[in-house]
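The values are calculated or read from the model by the stated rules, or taken from the named source; none is laboratory data. Remember, it's a predicted structure, so these values are computed and weren't measured experimentally. Don't worry about glycine lacking a Cβ; one is built from the backbone with ideal geometry, like all the others, and counts go over all protein chains shown. In case anyone asks, the SASA skips ligands and DNA or RNA and just uses the protein heavy atoms, side chains included. Shrake-Rupley method; radii C 1.70, N 1.55, O 1.52, S 1.80 Å.
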Amino acid sequence: MLSTLFLATACAGIAQPEGWAGPTLADDRLVASIGRGEMAAVDIDDSSGRVLWRFPLKDQRHPDGSKIDPEAIYSTPVVADSIVYFGAYDGWLYALDLPNGDIRWQLETGGPIVGNAVVQDGVVYVGSDDGRLYALDAASGQERWRFKSGDSIWATPLVADGVVYVASMDKKVYALDAASGEEKWHFKAKSGLASTPVLAEGTLLVGGLDSRIRALDAASGEEKWHFAADDWFWTQPLVLEDSVYAGCLNGKVYALDVNDGNLKWEQDTGAPVRAAPVLLDDVLLIANRKGELYGLDPQNGRSVWPLPIELAKTVLSDPLVEEATAYISAQGGDLFTVSKDGRAVLLVVTE
Amino acid sequence: MFLWDLVFVNPITNALVILNNIFLGNFGVAIIVFTILMRLLTMPLTLRQIRSSRSLSALQPKMQELQKKYKDPKRRQEETMKLYREAGVNPLGCLLPMLVQFPIWIGLYQALRIIVGGTPESIIGLSQRLYPWGYIEQAVPLENNFLWMDLGQPDTSLILAFIVFASTYVQQRLATPTTTDPRTQSTNQMMLWMMPLMFAFFTLQVPSGLGVYWAMSNIVGVVMYYFTHGPEPINWRTVLMPPSTAPAGRQASRREGPPPKEKEAAEEPAEELVEADQPTGGKRKKKRLRHGRSRGKRKDRR
């Protein structure tokens, strides 16, 4: 009995955050999380994927003297003016120098940071598990304003035309004034929202844990249409012409008419899709959690590649597309490049 | 694994989320209510386990006699089995109900781990477990805070660990059967402290939601003991004092109080066997034989 209980208890340990930060490209270097809780810059001109710098170093500390331990990184880094911004599960937002990885500034929020930071007009916007959206000066990290929602903010904010749109786990999508943080409107869904919104000609598209993709009027927050699936939407939708593409945790990819939400086609990948769909030249690239990459025809959803590429790694991060190459960061840190013709190359292997 | 999840983990996960909704999004209360419901549901098995355990306990003196009498292990085994048969006791009777309950316990552990995991990965994992019903989906994300605890993290305040330790000790103390065998008594003594210490240690390592479940399960166990054995055995002296080394009969009468029907039924076969071997026990044997038809039949068979 004791041994069984021990086994049961051992199986029931605490879930550890792993992180799913995607890569970012700037000045011929790829900035990506290449290990649990570790950020690095990789030289993409070097075929062996030479690591230029890593963060954190052993002796790097917070202002209070405590050792830096990001725990896990879910936040895809963004680069602006040679500064790399990303949040970590330890609740800190880090700003590092792109050339050498030195800390420019760091700011502690009240909870883990899961969504990406967004930099616009010299301001960094980032949501935190403490339910707040922070607006900070990009150069110094000084706070401009903060907005408190009713629950964790795990989604990446979207900034457009002086408005910050952010989805919260309190089931609401907020539209805030980018300068002051004042609320313009909010829309309440039926469940928490973790998906990053996308804007398409006055329509805000956002997925939710209530298994719906919604189209909201960006000016008023009124719902235009919604599409219901049988599992959650956690991906940022992709809008191409009059179609919106969204991956679902039921393993399917849906193509909807952006005007009325009517289903154009759906394709089952067999495993949850958290990574955002991206367009690799004219191929719609879908990565599922099992690390299977599907190259689909955006028009009809048919597979362009004879077989899906199998990375044999968990993939939850958003791919990055640069010219004719997609960069995919697998959980644990391995970095892959994928070409339009369906060939994958391992760029960096986690040490 | 798919079948295991389908039969145990997923239904338990969804039941917990439904209870969470019913109790206004308080997941701590959902765990407590679920624990009570599960203990009530498995009560027939628990009672059977208690009965079997007591029957075996009551056979201890006779088994000791057999051990002394028969040195050959094979013969001893045969005689022991014969003793079980004659007493109408199944030696696996106390194991089987426990084994049946194990899948539920382990399923619950896994369900709690999935629900209160709290990391983005575990939330995605949760999506694969929940039934696609609007009523369940609206619960997400679940509130992990309950009293002073984050149900997804270990409680480092030691309060929960102490509650788990105390409640495990009390339940263990009440459930430990009396025995005259010094070796068994020594093992019982060790287990009496080891089990609570182990569970208290586990509580410091696992999400506190599991600790809440353990504590509540023990408390319900004590309450069930109260209703099946009457109020007398549960007093501070009984609970806090280590099991005495007094003769089994005396100890049993002190600990177990007035003879409840269940206890009486469990002990009957053993007493009967002992009495049957006593040539001068005629008067008492006669008195005992007035109980129940089944015993009469068994006696007749002999």
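Packing here is the average count of other Cβ atoms within 10 Å per residue, and on that basis the peptides B:42-53, B:76-87, highest first, run B:42-53, B:76-87. Taken residue by residue and averaged, Cβ atoms of other chains lying within 10 Å of the Cβ of B:131-138 number 4. In units of the compact-protein estimate 2.2 N^0.38 Å, the range A:192-344 shows a Cα radius of gyration of 0.98.
Distance from the C-alpha centroid of the range A:21-61 to that of the range A:68-89: 11 Å, rounded to the whole angstrom. All C-alpha to C-alpha distances of the range B:59-165, sorted into 10 Å bins beginning at zero, yield P(r) values of 11, 24, 19, 14, 13, 16, 3 percent in whole numbers. The packing ranking, built from the mean of other Cβ atoms within 10 Å per residue, places the peptides A:217-223, B:9-15, A:158-164 in the order B:9-15, A:158-164, A:217-223, highest first. Under 12 Å of direct C-alpha separation, and excluding same-chain neighbours fewer than eight residues apart, A:K67 reaches these aspartates and glutamates: A:D59, A:D90. Among the residues of B:112-122, the average count of other protein chain beta-carbon atoms within 10 Å of the residue beta-carbon is 6.
Stokes-Einstein at 20 °C, 1.002 mPa s, Kirkwood radius from Cα pairs: D for the range A:269-351 in µm² s⁻¹?
Values: Rh = 12.4 Å.
Result for D is 173 µm²/s.
Per-residue shielding of A:242-250, expressed as the average number of other chain Cβ atoms within 10 Å of the residue Cβ, stands at 1.
What pairs from A:K184/A:K264; A:K171/A:K252; A:K148/A:K190; A:K58/A:K148; A:K190/A:K290; A:K224/A:K340 go past 26 Å between their alpha carbons? Checking Cα-Cα distances, A:K184/A:K264; A:K58/A:K148; A:K190/A:K290; A:K224/A:K340 exceed 26 Å.
Taking every eigenvalue of the Cα gyration tensor of the range B:1-56, multiplying by 5 and rooting it, what semi-axes result, largest first, whole Å? Write down the numbers at each step before the final one.
On the way: eigenvalues 155, 59, 8 Å².
The three semi-axes for the range B:1-56 are 28, 17, 6 Å.
When all alpha-carbon pairs of the range A:84-203 are counted, what percent fall beyond 16 Å?
56 percent
For the range A:18-118, the fraction of alpha-carbon pairs lying more than 18 Å apart is 39 percent, rounded to a whole number. The alpha carbon radius of gyration of the range B:49-114, expressed as a multiple of 2.2 N^0.38 Å, is 1.56.
At 1.4 Å probe size, with the rest of the protein present, what percent of the exposed accessible area of chain A is carbon and sulfur atoms? Mind showing how you got there, number by number?
Values: 5950 of 13590 Å².
About 44 percent, which is the carbon plus sulfur part of the accessible surface.
Over the C-alpha trace of the range A:162-212, radius of gyration and Dmax come out as 10.7, 32 angstrom. For the range A:293-323 and the range B:96-135, what is the separation of their C-alpha centers, rounded to whole Å? Between the Cα centre of the range A:293-323 and that of the range B:96-135, the gap is 31 Å. Taking only the Cα atoms of chain A, the radius of gyration and Dmax are 19.9, 63 Å.
Can you work out D for the range A:157-262 in µm² s⁻¹ from Stokes-Einstein, where Rh is the Kirkwood radius over C-alpha pairs, the temperature is 4 °C and the viscosity is 1.567 mPa s?
Values: Rh = 13.4 Å.
Diffusion coefficient, whole number: 97 µm²/s.
In terms of the mean number of neighbouring beta-carbon atoms within 10 Å, the peptides A:116-122, A:204-210, B:106-112, B:167-173 order highest first as A:204-210, B:106-112, B:167-173, A:116-122.
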